[in-house]
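Readers should treat all values here as calculations from the given coordinates under stated rules, not as data from a laboratory. Remember, predicted model here, so these are calculated numbers, not experimental data. All Cβ positions, glycine included, derive from the backbone under ideal geometry; neighbour counts span all protein chains shown.
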Amino acid sequence: MKKRVVITGIGAITPVGLEVEKFWENVKNGNHGIKKISIIDTDNLAVHVGADIPEFNPKDFMDRKEAKRMDRFTQFAVAAAKEAFKDSGLNAENYDPWDMGVILGSGIGGLETIETEKHKLDNRGAEKVSPFFIPMTILNMAAGRISIMLNAKNICNSVVTACASGTNAIGEAFRNIKDGYSEIIITGGAEASITPLALSGFSNMGALSKSEDVDRASIPFDVERSGFVMGEGAGILVLESLEHAKKRNAKIYAEIVGYGVSCDANHITAPLESGEGAERAMTLALKEAMLEPSNIDYINAHGTSTPHNDSIETKAIIGAFKEHSNKLKVSSTKSVTGHLLGAAGGIEGIICALALKEGIIPPTVGLKEEDPKCTLDYVKGKSIKKDIKYALSNSLGFGGHNASIILKKWEG
């Protein structure tokens, strides 16, 4: 018998808030976190605007000694996981450690540490490379650190599917619980790629916006969009079987009911021109949820603000939802947070859960004039107060990775 899966805890470290309450207030009010990057020197780089988190101090969330042994992306993950776990009401008395696991996504991992330690190697010699270099860098360490912190002894896995990592992690966690392998999974994504090397690489391939206007840099679906804005942070969710959650009288944000995944099998960076890959992921999520296209009220789009992504994702949505696509509300909250790469699906899953819980659809900030190829209702300007029952979140990654999850409003 398949289990129902619910969200019982959420935690977020984002460019618009270091806890969920502030983060959500800024998202729904359209207060973006795009600004001149200050955590690194960008004077010699082509890109100067991003969505960094200079106010994040790891010592506010963890032991100073341990923080020094973590890359920034792991620090984000641990901080957000602490908030999510506390929010869930779980404690040593109401769960079995062998029933709780961790499945976490990240697209790049410990790049900051790689750059720092390579500089040491080149300038100070091999003996100066940190003995913690490997455990700080490897991408699975965020999941490992969370499992150690929370004594989670079930599955401990890491998902790497570029910008789809966070959503794939949530989807795999959902299936793991649904199929009875665990009762609780800490999931989502974390990323910290605002580094000279990452900004240069993404910029040189033409993916990043070089706009100096912070209000017009991340503008998904706009005719003037020119690339995405790099963000950083983490979004962590506690998923739990409904039976286990009810047994301990847990509060419930939303239920996860569907997950769809596909691969374009087409190009290392460009999405399939027809949109069939993303369309397939959405269609499969609908199938697992046993829903019709007309049941979906809101889509949190991948919406990166790149010319290719936004028009092709629009095409995919129209392909999956047919005539209902004209009735959908669609927005990209990357207009507020920037693009958190492997962490995007985590924070956007949280946004969908809160949108359902509060009946608020967040806006696509900065969108002034839609691209003629982008023909949907992108909730331009301000958030909308609307009772919604089902929301879908899309994430699409380099390599052709497509992932969609469907959340249902919790009605008890």
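Rounded to the nearest 20, the Cβ-based charge dipole of the stretch 295-412 about its Cα centre (Lys and Arg +1, Asp and Glu -1) stands at 220 debye.
Ranking Ile108, Pro131, Trp98 by Cα position along the charge dipole of the stretch 94-174, where only Lys, Arg, Asp and Glu carry charges on their C-beta atoms, puts Pro131 farthest toward the positive end. The charge dipole of the chain, taken about its Cα centre with unit charges on the Cβ of Lys, Arg, Asp and Glu (plus for the first two, minus for the last two), comes to roughly 720 debye. Counting beta carbons within 10 Å around each of Cys163, Cys374, Cys156 and listing the fewest first gives the order Cys156, Cys374, Cys163.
Taking only alpha carbon atoms, the stretch 5-247 gives an Rg to Rh ratio of 0.99, where Rh is the Kirkwood radius. Exceedance of the 31 Å cut-off in Cα-Cα distance is limited, within the set Lys59/Lys247; Lys82/Lys408; Lys118/Lys153; Lys128/Lys210; Lys178/Lys329; Lys28/Lys118, to Lys59/Lys247; Lys118/Lys153; Lys128/Lys210; Lys28/Lys118. Expressed as a fraction of 2.2 N^0.38 Å, the value expected for a compact globular protein of N residues, the C-alpha radius of gyration of the stretch 261-303 is 1.28.
The string of couplings for the stretch 46-55 from the Karplus curve (6.51, -1.76, 1.60, θ = phi - 60°) is 7, 10, 10, 10, x, 10, 8, 10, x, 7 Hz, one whole number per residue in order, with x for Gly and Pro. Near Val47: Cβ cut-off under 12 Å, other residues only, Lys/Arg at +1 and Asp/Glu at -1. The net charge is -1.
What you get for the stretch 5-247, charging only the Cβ of Lys and Arg (+1) and of Asp and Glu (-1), is a dipole of about 380 debye around the Cα centre.
Take the Cβ atoms of His48 and Asn151, set R0 to 35 Å, and the FRET efficiency comes out at 0.20. What is the stretch 134-249's relative contact order, in percent, from Cα pairs under 8 angstrom and six or more apart in sequence? The value is 24 percent.
The stretch between Asn266 and His119 holds 49.3 nm of extra length on full extension. This uses 0.36 nm per residue minus the Cα-Cα distance. Could you pull out every one of the aspartates and glutamates with an alpha carbon less than 19 Å from that of Lys386, ignoring same-chain neighbours closer than 8 positions? Within the straight-line limit of under 19 Å, Lys386 reaches these aspartates and glutamates: Glu25, Glu255, Asp297, Glu348, Glu358, Asp377, Glu411. Compared with the direct C-alpha span, the chain from Phe132 to Lys59 gains 24.4 nm at full extension, assuming 0.36 nm per residue. Once the dipole of the chain is set up with Lys and Arg at +1 and Asp and Glu at -1 on Cβ about the Cα centre, which of Ile318, Val365, Ile388 lies farthest towards its positive end? Value computed over the given set: Ile388. I'd like to know which of Met230, Gly201, Ala190 lies farthest towards the positive end of the charge dipole of the stretch 173-310, counting +1 on Cβ of Lys and Arg and -1 on Cβ of Asp and Glu. Farthest towards the positive pole: Ala190.
Based on the Kirkwood approach, the hydrodynamic radius assigned to the stretch 63-138 is 14.6 Å, with every pair of different Cα atoms included. Rounded to the nearest 500, the 222 nm mean residue ellipticity of the chain from helices alone is -10000 deg cm²/dmol, with -39,500 (n - 2.57) taken per DSSP H run of at least 4 residues. Within the shell of other residues whose beta carbon sits under 13 angstrom from the beta carbon of Gly397, the net charge comes to -3, with Lys and Arg scored +1 and Asp and Glu -1. For the pair Trp410 and Lys327 in one chain, pulling the backbone fully straight at 0.36 nm per residue adds 27.6 nm over the alpha carbon distance. Treating r as the C-beta distance of Lys246 and Met290 and R0 as 30 Å, the FRET efficiency rounds to 0.85.
In whole angstrom, how far apart do the alpha carbon centroids of the stretch 1-56 and the stretch 314-361 sit? Computed from Cα coordinates, the inter-centre distance equals 16 Å.
Semi-axis lengths, largest first, of the ellipsoid equivalent to the stretch 272-412 are 20, 18, 15 Å, with √(5λ) applied to each eigenvalue of the Cα gyration tensor. For the pair Glu25 and Lys368, label points projected 7 Å from Cα toward Cβ lie 2.9 nm apart.
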